[in-house]
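Chemist: First the structure, then my questions, so here it is.
The values are calculated or read from the model by the stated rules, or taken from the named source; none is laboratory data. Model, not experiment: these values are computed from the prediction. Heads up, the Cβs are rebuilt from the backbone with ideal geometry, glycines too, and the neighbour counts pull from every protein chain shown. These accessible areas exclude ligands, DNA and RNA; they are computed on the full protein's heavy atoms, side chains included. Shrake-Rupley method; radii C 1.70, N 1.55, O 1.52, S 1.80 Å.
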Amino acid sequence: ALDVDWLDAWSFEEGAARASALFEVTFGEAPAGVWSAPGRGNLIGEHTDYNGGLVLPFALPHRTYAAMRARTDGHIRLVSAQEAGVVREIALADVAPGAVDGWIAYVVGTAWALAQEGLTVGGFDVAITSCVPYGAGLSSSAALEGSVAIGLDALYGLGLGGDDAGRQRLVAACSRAENEIAGAPTGGMDQAAALRTQAGHALLLDCRSLEVRQIPFDLAAEGLALLVIDTRAEHQLVDGQYAARRTTCEVAAEVLGVGTLREVTDLSGALAMLAMPDALARLTAAGQDGQVVARRVRHVVTEIARVEEVERLLDAGRTAEVGPLLTAAHASLRDDYEVSCHELDVAVDAAIAAGALGGRMIGGGFGGSAIALVRAEDVEQVAGEVAAGFSAEGLTPPSFLVAVASAPAS
Ligand code: ADP
Ligand code: MG
């Protein structure tokens, strides 16, 4: 059997010690505290968040740690273990859309967004370290924003971290940071997963009402495990394709006369309507291909229905039956939404061939990670066969972790 690479999570103590040590070595004093937020997996509900739909993410044990201390001069100084030895600095007052490049945008953008929401925040020093793999579709960006948001909440006494309503406001600030300062048009699921999840639960988030329901999610108790496969693939098209999918969904909603695709309750009626000559003319005028738009709409509407079905199965304690729905979601993302890639398809196909109950790509697509629902006793074997499948295709070896629904930002 092939040796497989497992991505271990740090304990809270280890993460906090690493962030504190980096802070002290960089800024010459101890931080006021260390805050952290998790990366996330998503059981089902992909590319539904920006369509007002449903998603079902959970927090990973892998977290980003931010050691922080308030400053009185309105400046922000930043260091990340990912960019060792480089200290960045910017005045909070100079943060604005278009004014900040690189990774610091996620951090200073979060402070900026809180201020935009009318909250009183000031400068700070921050040292970041993380065991969330980045760019792996496990949302290291929201883990970074979430760790800083919960840290600023404590440093500046905002009083938002203590309950879900307050955390919802932190989520809004993190989303604005990502959209408006980092310039990534993501839909809000990742930030909610970082801040509004609970250990041992998956988070059913309605992206229209922003209401949440915590669904007990203890796979081990049912003899199951969720294997996460980081394909290590990163394709250049990611950002442009994501924005293009969003635009297509917005145009489709407009032509269908609904606010968001969430409001499409009759799929065949909607598809028939999109095929009418005047709808096609409007789509063409908006630079869209009618047949492609119909497939995109079909993914979104069927995916929302799959989330509802998974919710019912989890509530009924029939988690093993979730497998085929994951596989159906993958086919929909691959064929209708066209956001998969060779590595993701190899990961899912090899996992299923090795006995997984089902699997799918997660995250935006074109690389990143896949999940596979497996019987607990099959974890090693499925991972080994996925690694062998990658090797046979001449691909970079993937990395693996076993997802256990963990704690939110704290
Ligand atoms: P994902 O969220 O799926 O990991 P993104 O492209 O959304 O991928 O976010 C990755 C980006 O977030 C990185 O390129 C970097 O700018 C920033 N980032 C995440 N974690 C860190 C970290 N620990 N230190 C510095 N930057 C980070
Ligand atoms: Mg991200």
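Chemist: Which members of the range 23-51 meet the condition of being open to solvent by 10 Å² or more (accessible area, probe 1.4 Å) and among the hydrophobic types (A, V, I, L, M, F, W, C)?
Modeler: V25, F27, A30, A32, V34, W35
Chemist: Here's another thing I want to ask about it. Is it the case, given these coordinates, that V212 is surrounded by 17 or more Cβ atoms within 10 Å (Cβ to Cβ) and in contact with a helix residue (DSSP H, G or I) (Cβ under 7 Å, 6 or more places away or on another chain)?
Modeler: Values: surrounded by 17 or more Cβ atoms within 10 Å (Cβ to Cβ): yes; in contact with a helix residue (DSSP H, G or I) (Cβ under 7 Å, 6 or more places away or on another chain): yes.
Answer is yes for this residue.
Chemist: Name the residues in the range 180-201 that are crowded, with 24+ Cβ neighbours inside 10 Å and either polar (S, T, N, Q) or closer than 29 Å to A221 by Cβ (or both), would you?
Modeler: Matches in the range 180-201: M189, D190, Q191, A192, A193, A194, L195, T197.
Chemist: If you don't mind, another one. Is there a residue in the range 172-186 that is modelled with pLDDT of 95 or more, more than 12 Å from ligand 1 (Cβ to nearest atom) and part of a loop (DSSP other than H, G, I, E, B)?
Modeler: Within the range 172-186, none of the residues are modelled with pLDDT of 95 or more, more than 12 Å from ligand 1 (Cβ to nearest atom) and part of a loop (DSSP other than H, G, I, E, B).
Chemist: Return the pair list, or none, for Cβ contacts closer than 6 Å from residues in the range 134-159 that are assigned to a helix (DSSP H, G or I) to residues that are more than 7 Å from ligand 1 (Cβ to nearest atom) and open to solvent by 10 Å² or more (accessible area, probe 1.4 Å), at least 6 apart or on different chains.
Modeler: From residues that are assigned to a helix (DSSP H, G or I), the pairs are S147/W35; I150/W35; I150/G161; G151/W35; L152/V121; D153/L160; D153/G161; L155/A70.
Chemist: Could I ask something else about it? Which of the residues that make up the range 130-147 are among the hydroxyl-bearing types (S, T, Y), within 7 Å of ligand 1 (Cβ to nearest atom) and either open to solvent by less than 10 Å² (accessible area, probe 1.4 Å) or within 22 Å of L114 (Cβ to Cβ) (or both)? I'd like the intermediate steps shown before the answer.
Modeler: Start the filter on the range 130-147 by keeping residues that are among the hydroxyl-bearing types (S, T, Y), which leaves 130, 134, 139-141, 147.
Right, trim to within 7 Å of ligand 1 (Cβ to nearest atom) and you get 130, 134, 139-141.
Answer for the range 130-147, where residues must be among the hydroxyl-bearing types (S, T, Y), within 7 Å of ligand 1 (Cβ to nearest atom) and either open to solvent by less than 10 Å² (accessible area, probe 1.4 Å) or within 22 Å of L114 (Cβ to Cβ) (or both): S130, S139, S140, S141.
Chemist: Out of R213, R208, R167, I need the residue that is assigned to a loop (DSSP other than H, G, I, E, B), away from ligand 1 (no atom under 16 Å from the Cβ) and among the basic types (K, R). Which one?
Modeler: Details: R213 fails: assigned to a loop (DSSP other than H, G, I, E, B); R167 fails: assigned to a loop (DSSP other than H, G, I, E, B).
Testing whether each residue is assigned to a loop (DSSP other than H, G, I, E, B), away from ligand 1 (no atom under 16 Å from the Cβ) and among the basic types (K, R) leaves just R208.
Chemist: Identify, from the list L78, L92, the residue that is hydrophobic (A, V, I, L, M, F, W, C), surrounded by 18 or more Cβ atoms within 10 Å (Cβ to Cβ), away from ligand 1 (no atom under 13 Å from the Cβ) and without any contact (Cβ under 8 Å) to a residue 60 or more places away in the chain.
Modeler: Values: L78 fails: away from ligand 1 (no atom under 13 Å from the Cβ).
Criteria check complete, one pass: L92.
Chemist: Limited to the range 270-286, what total is found for residues that are exposed (fewer than 11 other Cβ atoms within 10 Å of the Cβ) and under 30 Å from D206 (Cα atoms)?
Modeler: Going through the range 270-286 one residue at a time, the tally reaches 0.
Chemist: Which of (1) touching a Phe, Trp or Tyr at 6+ places or on another chain (Cβ under 8 Å); (2) surrounded by 24 or more Cβ atoms within 10 Å (Cβ to Cβ) is the odd one out, the single condition S399 does not satisfy?
Modeler: Here S399 clears every test but (2).
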